[in-house]
Amino acid sequence: MKLLSIWFFIIAVMAAPFPAPAADFQDAVKTPIDASISIRQRTQKEEDRWAEERDKLEAEYDRLVKQRHRLLEKRDLLHRKAAVLKTAVDTQRDKLQEISRITTELGPFLDHTYRRIADLVKGDSPFLIDERKGRLHLLRKTLDDPLTSTGEKFRKVMEAVSVEAEYGNTVEIYQEKIRLGDREILADIFRLGRLSLFFKTLDGKTVGHWDPAAEAWRPLVESYLRPIQDAMEMAAKRRSVEVVSLPVGRIASP
């Protein structure tokens, strides 16, 4: 009977309510759960923030990689351009050095060529003498002008050479005053290349030629009147070309 009472007491004690310890247990469970939720919320926010930051960094990284690729391509292009420009600069430098050398050597050559033209005009038959001397005068001024480029001086000298050379391949008729003996007369001059000069008086009665040996105009016998007249008409293209016999004079002694 005593043992039964003890078990009954134990069961009664266990079945009795425990209001104070149950509330404490609920608080004890809820607090860490709330803390855990709060931590999780903060962690999620941090994760979201870091994910956003990571996306930005990845995008920035991709942009920088592409920009680096473009810059490398641009650098290679600039290197190639620099190599081409260096080659061009070296070529131009070589050209300038060559031009400088040619310019240095061309000055004496042009002066020498001018002197040869001047000597030719001085010792040549006296045709178009004023025109040729005038050309030489202008050429001398050009060669002496420091502001005129070497290229322009060369062009002018070659132009003068060309004009003088052309006289040997052409015929020409013009009027000019000549000294015949002790008289000065106006006559028609017939230039046969650089070979001979002939004249005919305006009245057509007298013909003659330039004698290079005597350096004077000499009349010719009347038998040359018709051949010279015919030659002058052919030169003026007033009649068809045919063979005529003309005196070419004597060769001047050096």
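The values are calculated or read from the model by the stated rules, or taken from the named source; none is laboratory data. Remember, predicted model here, so these are calculated numbers, not experimental data. Ideal geometry is used to build each Cβ from the backbone, glycine not excepted, and the neighbour counts take in all protein chains shown.
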- [ ] Name, by its number, the condition in (1) assigned to a helix (DSSP H, G or I); (2) at pLDDT 90 or above; (3) over 30 Å from Arg238 (Cα atoms) that does not hold for Leu147.
- [x] (1)
TODO: Please state which of the following conditions Ala83 fails to meet, knowing it meets all the rest: (1) closer than 25 Å to Ala214 by Cα; (2) loosely packed, with under 11 Cβ neighbours inside 10 Å; (3) among the aliphatic types (A, V, I, L, M).
DONE: (1)
- [ ] Please identify the pairs in which a residue from the range 75-100 that is of a type in the set (Ser, Thr, Tyr) has its Cβ atom under 9 Å from the Cβ atom of a residue that is in a helix (DSSP H, G or I), counting only partners at least 6 apart or on another chain.
- [x] none
Task: Enumeration of residues in the range 158-173 that are exposed (fewer than 13 other Cβ atoms within 10 Å of the Cβ) and among the β-branched types (Val, Ile, Thr) - done: Thr170
Task: Members of the range 200-223 found to be without any contact (Cβ under 8 Å) to a residue 60 or more places away in the chain and assigned to a loop (DSSP other than H, G, I, E, B), listed by number - done: Leu202, Asp203, Gly204, Lys205, Thr206, Ala213, Ala214, Glu215, Leu220, Val221
TODO: Kindly indicate whether any position in the range 230-247 is in contact (Cβ under 8 Å) with a residue 12 or more places away in the chain, assigned to a helix (DSSP H, G or I), over 53 Å from the mean Cα position of the chain (by Cα) and not assigned by TED's automatic domain parsing to the domain that holds Arg132.
DONE: yes
Task: the range 174-199, subset in a loop (DSSP other than H, G, I, E, B) and at negative phi, residue surrounded by the most Cβ atoms within 10 Å (Cβ to Cβ) - done: Arg194
Task: Criterion: at negative phi, among the charged types (D, E, K, R), surrounded by 10 or more Cβ atoms within 10 Å (Cβ to Cβ) and at pLDDT 90 or above - qualifying residue of Arg40, Arg68 - done: Arg68
